[in-house]
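The values are calculated or read from the model by the stated rules, or taken from the named source; none is laboratory data. None of these values were measured; they are calculated from a predicted model. For neighbour counting, all protein chains shown are included, and Cβ atoms are generated from backbone atoms with ideal geometry for every residue, glycine included.
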């Protein structure tokens, strides 16, 4: 009999979250892959772990006994994993940060400038990603901290607020044949090309931010290329405000935001995995970020980062 830790974590996720779909979301896997993992485990065991005949999956009698015996194994594995992670971080004195596509560069530079001044001996490794890519890297333990937009209801991460970015629907002046005003609709845009960002996640289901269904599209790798495509009059799309202040001011770009097409305010946060004991280097950086957050909410002052967004300073 061969039972893997991954199979045990899959069972645990289903029990804790009440359904296969919810477990798949938490595990960042597809629904069919979770079902396949459970079927393979049940073949190894020779009995059903879950009763899937009703509206909700429930443990069978033998499945309940199996899960009860498996829980100490999972707890021991987590203690071992945390110990190894801490030992590795303690020896390397490295900090791995993944940055999302809408994070203002000046916000990141301001944070790193202050941290490097306080801890110059720590090597900082920066990675970038789009949409769900940064979150995947964080969950795969390829990053200690993510600086990106997240949904506050995501219980898998702890977050510290850093600032906000406005994402504005725009087009080049003259690209659209209809008058651009507060009454513009998505229906009027359906025949125009939309420029969208490519998700960098490999195995996490992506999310379609601001995607207009049925609209022809051009997909690009980063926000700056997206801006160039839109400025050239090849497409319309959503861009962070710090990238387009000058173009909106001089009329090269026009905002499509109004009664029907909305601007979107995204919170930029620092995030780390919840319930994981980090090494001393990552804990040090997290405490540094926490001090920034305290300054922003109680006694500190917000500062203009020079690109239309605001962050915090100590």
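Search segment 105-138 for residues being under 12 Å from the mean Cα position of the chain (by Cα) and assigned to a helix (DSSP H, G or I), and hand back the single one that is surrounded by the most Cβ atoms within 10 Å (Cβ to Cβ). Outline the logic, then answer.
Restricting attention to segment 105-138, the residues satisfying the condition of being under 12 Å from the mean Cα position of the chain (by Cα) are 128-138.
Subset that is assigned to a helix (DSSP H, G or I): 133-138.
Working: 133: 24, 134: 28, 135: 26, 136: 23, 137: 23, 138: 24.
That would be 134.
Among the listed residues 183, 141, 202, which satisfies the condition of being in a loop (DSSP other than H, G, I, E, B), in contact (Cβ under 8 Å) with a residue 24 or more places away in the chain, over 12 Å from the mean Cα position of the chain (by Cα) and not assigned by TED's automatic domain parsing to the domain that holds residue 259?
Details: 183 fails: not assigned by TED's automatic domain parsing to the domain that holds residue 259; 202 fails: not assigned by TED's automatic domain parsing to the domain that holds residue 259.
Being in a loop (DSSP other than H, G, I, E, B), in contact (Cβ under 8 Å) with a residue 24 or more places away in the chain, over 12 Å from the mean Cα position of the chain (by Cα) and not assigned by TED's automatic domain parsing to the domain that holds residue 259 holds for just one of 183, 141, 202, which is 141.
Suppose we filter segment 248-278 for residues that are farther than 27 Å from residue 154 by Cβ, in contact (Cβ under 8 Å) with a residue 24 or more places away in the chain and not in a loop (DSSP other than H, G, I, E, B); how many remain?
So the answer is 4.
Filter segment 271-283 for residues that are under 15 Å from residue 119 (Cα atoms) and crowded, with 17+ Cβ neighbours inside 10 Å; which is modelled with the lowest pLDDT?
First, the residues of segment 271-283 that are under 15 Å from residue 119 (Cα atoms): 280-283.
Adding the requirement that they be crowded, with 17+ Cβ neighbours inside 10 Å leaves 281-282.
On the way: 281: 89, 282: 92.
Among those residues, the one meeting the criterion is 281.
Only one of 161, 181, 174 is surrounded by fewer than 18 Cβ atoms within 10 Å (Cβ to Cβ) and closer than 21 Å to residue 290 by Cα. Can you tell me which?
161 is the lone residue from the list that is surrounded by fewer than 18 Cβ atoms within 10 Å (Cβ to Cβ) and closer than 21 Å to residue 290 by Cα.
Quick one: would you say residue 196 is crowded, with 19+ Cβ neighbours inside 10 Å and closer than 18 Å to residue 269 by Cβ?
Values: crowded, with 19+ Cβ neighbours inside 10 Å: yes; closer than 18 Å to residue 269 by Cβ: no.
Spelling it out, it is not the case that residue 196 is crowded, with 19+ Cβ neighbours inside 10 Å and closer than 18 Å to residue 269 by Cβ.
State whether one or more residues within segment 172-193 are touching a strand residue (DSSP E or B) at 6+ places or on another chain (Cβ under 7 Å), modelled with pLDDT of 95 or more and closer than 17 Å to residue 131 by Cα.
Scanning segment 172-193 turns up no residue that is touching a strand residue (DSSP E or B) at 6+ places or on another chain (Cβ under 7 Å), modelled with pLDDT of 95 or more and closer than 17 Å to residue 131 by Cα.
Kindly indicate whether any position in segment 212-222 is touching a residue at least 40 places away in the same chain (Cβ under 8 Å), within 20 Å of residue 266 (Cβ to Cβ) and surrounded by fewer than 16 Cβ atoms within 10 Å (Cβ to Cβ). Steps first, please.
Our first condition is that a residue be touching a residue at least 40 places away in the same chain (Cβ under 8 Å); within segment 212-222, this holds for 221-222.
Of the ones still in play, those that are also within 20 Å of residue 266 (Cβ to Cβ) are 221-222.
Pick out the ones that are also surrounded by fewer than 16 Cβ atoms within 10 Å (Cβ to Cβ) and you get 221-222.
Yes: segment 212-222 contains one or more residues that are touching a residue at least 40 places away in the same chain (Cβ under 8 Å), within 20 Å of residue 266 (Cβ to Cβ) and surrounded by fewer than 16 Cβ atoms within 10 Å (Cβ to Cβ).
Does residue 32 satisfy the criteria of being within 25 Å of the chain's Cα centre (by Cα), free of Cβ contacts under 8 Å to residues at least 60 places away in the same chain, more than 16 Å from residue 156 (Cβ to Cβ) and loosely packed, with under 14 Cβ neighbours inside 10 Å?
Values: within 25 Å of the chain's Cα centre (by Cα): yes; free of Cβ contacts under 8 Å to residues at least 60 places away in the same chain: yes; more than 16 Å from residue 156 (Cβ to Cβ): yes; loosely packed, with under 14 Cβ neighbours inside 10 Å: yes.
Considered against the rule, which asks whether it is within 25 Å of the chain's Cα centre (by Cα), free of Cβ contacts under 8 Å to residues at least 60 places away in the same chain, more than 16 Å from residue 156 (Cβ to Cβ) and loosely packed, with under 14 Cβ neighbours inside 10 Å, residue 32 comes out as yes.
What residue, of 57, 98, 73, is surrounded by 15 or more Cβ atoms within 10 Å (Cβ to Cβ), under 27 Å from residue 138 (Cα atoms) and at pLDDT 85 or above?
On the way: 57 fails: under 27 Å from residue 138 (Cα atoms); 73 fails: surrounded by 15 or more Cβ atoms within 10 Å (Cβ to Cβ).
Going through 57, 98, 73 in turn, the sole match is 98.
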